[in-house]
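The values are calculated or read from the model by the stated rules, or taken from the named source; none is laboratory data. Just so it is clear, the model here is predicted, and its values are computed rather than measured. As a convention, Cβ positions derive from the backbone with ideal geometry for all residues, glycine included, and neighbour counts pool all protein chains shown. These accessible areas exclude ligands, DNA and RNA; they are computed on the full protein's heavy atoms, side chains included. Shrake-Rupley method; radii C 1.70, N 1.55, O 1.52, S 1.80 Å.
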Amino acid sequence: MRRWAPARRPMLVVGAILDIEGARSAYVRFSHGRVVEVGVRGTEGRRRGERTVHGIVVPAPVNAHTHLGDAVSVREPPPGPVSRLIQPPHGYKFQLLARSSRADKVRAIRRALGRMERDGVAATVDFREEGRPGVELLHEAARGSSLRVLALGRPLARPVVRAELDRLLAISDGVGLSSARDESDETRRIVARACRAAGKKFGLHASEAVREKPERYLDPRPDLLVHLAKATVDDLAAVRDERVSVVVCPRSNALFARQPDLRSMERLGLSMMLGTDNAMFHAPSIWREMEFAYVASRLRRRPVSAAFLARAALVEPWAWLGEPETALVVPGMPVPPLVLRLPPDDPAYQVVTRTTEHLMVRFRPRDRRAAAGQ
Ligand SMILES: [Zn+2]
């Protein structure tokens with residue numbers, strides 16, 4: 001099988017588009033990895049020298065929650081409650097990060113980014129611990145990658161030292177805190193205010209192992225809440241009313257016998273995204289996350305639609321980043337879309353339950369990078 005599509009040969013994809021406007025039958029013409037024409041299927045016509053592919057065209061997905069530093073862990077994590085494993089500052093994960101050399105962490109993150117790149121992921125939102133040096137390390141690992149890596153760093157000193165927070169915000173895309181339970185009201189207020197003033201994102205974990213009150217994690221209002229596995233329907237309604245986006249990580253939660261109520265999130269109309277969470281627990285594969293979410297919601301008899309899950313990876317993150325145009329397949333879209341060799345009759349179902357790396361049509365990396373304007 002040929003790994004890369006010929007660089008200069010134009011390509012015609014006949015099948016469907018699944019993007020911010022939903023699913024529709026369509027054709028998409030590509031030149032040098034870039035969309036040059038979109039139209040109604042059946043009206044495409046044929047051009048000499050053009051390669052034809054049958055499949056589905058989707059915006060590039062975003063992994064909306066990772067802790068890539070954990071990729072330095074290569075053994076099965078020990079059993080135990082999530083608190084013993086990942087709680088700062090003395091959980092297993094933090095001991096591991098402290099024990100590992102900087103070079104090992106950079107290498108591990110680079111490997112994880114490489115895998116996401118092959119999976120077609122365009123961006124990742126990483127909660128990077130270890131203060132400003134942690135963010136610097138992530139930036140170093142991301143150098144040369146086609147992935148956009150958003151670093152939500154975490155200041156180390158408590159009480160928060162303003163100078164440290166400012167130094168962190170100078171190089172990060174915002175702050176990602178542990179949880180409202182782990183941090184004082186004062187810390188959250190100072191961090192939220194500083195993020196807002198700097199025009200950056202403020203996110204935190206919420207209701208992961210136990211239910212927390214929305215009055216706490218919604219005040220100050222964050223830009224992002226991660227998990228909500230223990231949130232009640234009323235809690236989710238409160239999050240929706242505050243128009244705060246949520247990232248769910250169903251595989252990570254399942255390891256600890258928890259499951260976010262995706263069906264209620266869909267019914268309430270929450271802005272939901274998908275993340276793969278700690279790299280010590282799971283490979284950062286957004287496609288595996290999607291399929292697991294689809295299957296697990298049925299195992300619990302709380303089925304969520306494939307369309308909602310597809311939006312969670314392909315559309316909502318771009319809206320959250322303030323770039324909804326990236327989620328619309330049209331000529332001139334800022335980030336090139338993916339072409340998946342899948343039957344186009346029921347696109348969301350196919351994409352959510354069937355996508356793997358080997359079903360992606362490849363452009364040469366340099367074409368993709370050129371098309372992405374990098
Ligand atoms: Zn997390």
**OP:** Quick one: accessible surface of Arg9, probe radius 1.4 Å, all protein chains present, in square angstrom to the nearest 10.
**Re:** 110 Å²
Subject >> Solvent-accessible area, 1.4 Å probe, carbon plus sulfur percent, for the chain >> reply: 50 percent
Original post:
With every protein chain left in place, what is the accessible area per residue of the chain in square angstrom, probe 1.4 Å?
Top reply: 43 Å²
Original post:
So how do Glu129, Glu266, Glu208, Glu76 rank on accessible area, 1.4 Å probe, biggest first, that is with the largest at the start?
Top reply: Glu76, Glu266, Glu208, Glu129
**OP:** Could you pull the accessible area for Phe202 with a 1.4 Å probe, rounded to 10 Å²?
**Re:** 0 Å²
Original post:
So how many Å³ per residue does the convex hull of the Cα atoms of region 186-334 work out to?
Top reply: 126 Å³
**OP:** Express in nm, to one decimal, how much length is gained between Arg267 and Arg302 on full extension, taking 0.36 nm for each residue of separation and deducting their alpha carbon distance.
**Re:** 11.5 nm
Subject >> Heavy-atom accessible area order for Ile171, Ile56, largest first, 1.4 Å probe >> reply: Ile171, Ile56
Subject >> Listed residue (Gly39, Tyr349, Ala163) projecting farthest to the positive dipole end of the chain, Cβ model >> reply: Gly39
Subject >> For Glu186, net neighbour charge (Lys/Arg +1, Asp/Glu -1) across residues whose Cβ lies under 14 Å away >> reply: +2
Original post:
Where does the charge balance sit around Leu156 when Lys and Arg score +1, Asp and Glu -1, over other residues with C-beta under 10 Å from its C-beta?
Top reply: 0
Original post:
With no solvent and one point per C-alpha, what does the Debye sum give as log10 I(q)/I(0) for region 67-224 at q = 0.13, 0.15, 0.16 Å⁻¹?
Top reply: -0.62, -0.83, -0.95
**OP:** Under a 10 Å cutoff between Cα atoms, tell me which one of Ile109, Ile190, Ile20 has the largest fluctuation in the Gaussian network model of the chain.
**Re:** Ile190
Subject >> Three-way shape call for region 1-143 based on the alpha-carbon gyration tensor, with the a/c threshold at 1.5 >> reply: prolate
Subject >> Solvent exposure, largest accessible area first (probe 1.4 Å, DNA, RNA and ligands not counted), of Lys105, Lys200 >> reply: Lys200, Lys105
Original post:
By what distance, in whole Å, do the Cα atoms of the chain stretch along each of the three principal axes, largest value first?
Top reply: 67, 44, 41
Subject >> Accessible area (Å², 1.4 Å probe, nearest 10) - Ile86 >> reply: 30 Å²
Original post:
Which net charge results for the neighbourhood of Ser271, defined as the other residues with beta-carbon distances under 10 angstrom from its beta-carbon, given Lys and Arg at +1 and Asp and Glu at -1?
Top reply: +2
Original post:
Considering only DSSP beta bridges with both partners in the chain, what is the antiparallel share in %, to the nearest 5?
Top reply: 35 percent
Original post:
About its Cα centre, how strong a charge dipole does region 90-163 have in debye, to the nearest 20, once Lys and Arg get +1 and Asp and Glu get -1 at the Cβ?
Top reply: 120 debye
